[in-house]
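The values are calculated or read from the model by the stated rules, or taken from the named source; none is laboratory data. Here the structure is a predicted model, which is why all the values come from computation and not from measurement. Please note: Cβ atoms are built from the backbone with ideal geometry, for glycine as well, and neighbour counts cover all protein chains shown. Side chains included, ligands, DNA and RNA excluded: accessible areas come from the protein's heavy atoms. Shrake-Rupley method; radii C 1.70, N 1.55, O 1.52, S 1.80 Å.
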Amino acid sequence: MFRYIFKCEGNRPTRAAAVGPRSRGAVSLRNTVKPRGLDPSVAKSPAAVAPKRPVLSVSARKIKDNTADWHNLMMKWETLNNNGFTIANKIVNLKIGTQFKDNKLEIECDNIASDCGKLSPDYNEELEMFCAELLGTLENMAKIQLKMEKLCSATKGICDLETYHYENGDCLTPLFHTWPTTYFYEVSFKLTEMYKKELRLKQTIVQEIAHTADQDLMMVYLSSWLYQPYIENSNKLLLESMLLETGHRQV
């Protein structure tokens, strides 16, 4: 049994402590109540705080997506350009081989007049098949160039929107690091013009490469398709600059 010792404080008795054989396990009643809430002196663990990603504005997000689209379209263009060169090379080799056979037959035809009507016909199934493949490649490249123009128009719209928001004379804040919004449109416009001119050249090559008999001219068409004279070497630098500015490439 516990025995408590009471002492008086004024007119009110208070229980001071428990004594007796079992008093060793007794707990003071004054220490059982603890304040609620967190101790402000306890610092949060760094591992518990998740790093915050920068929140992009709608315009910045759209430009970042457009930059990724530019990269994908340019890579697809290069793939189609290589495929088109392979097909154009087959057309040129077939034309040169056919010309060589015709010249040989013309020499033999001088002595055998009855075989003159059996020369290779103008219509060639294999040549027509290659021309159809090259035309299909050109159509796919035209679709890519059209998408590039849409990206350029979208970037122009973003520039106009940013100008409208800051028409009161405030300084335009860069959407990412250092580039003003107008510079994204300038780069997009330069790239669009390059590919537009190159597409026109390729349309001419597709129309003429199978109908010309001049071997030198066929070689010019072939090299023009491969090296793309209207696409400047700066196109890759402009693309990489956009990727770096928008965060797709790490510094």
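Tabulated values for the structure
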read-out	value
Exposure rank, largest accessible area first [VAL187, VAL58, VAL220, VAL206; 1.4 Å]	VAL58, VAL220, VAL206, VAL187
Across LYS95/LYS143; LYS202/LYS236; LYS64/LYS197; LYS95/LYS190; LYS95/LYS147; LYS90/LYS156, pairs whose alpha-carbon gap is larger than 32 Å	LYS95/LYS190; LYS95/LYS147; LYS90/LYS156
Total formal charge among the other residues, if their Cβ is under 14 angstrom from that of ALA68, Lys/Arg +1 and Asp/Glu -1	+2
Whole-Å distance, taken between Cα centres, linking segment 137-162 and segment 66-93	17
Solvent-accessible ranking of TYR183, TYR164, largest area first, probe 1.4 Å	TYR164, TYR183
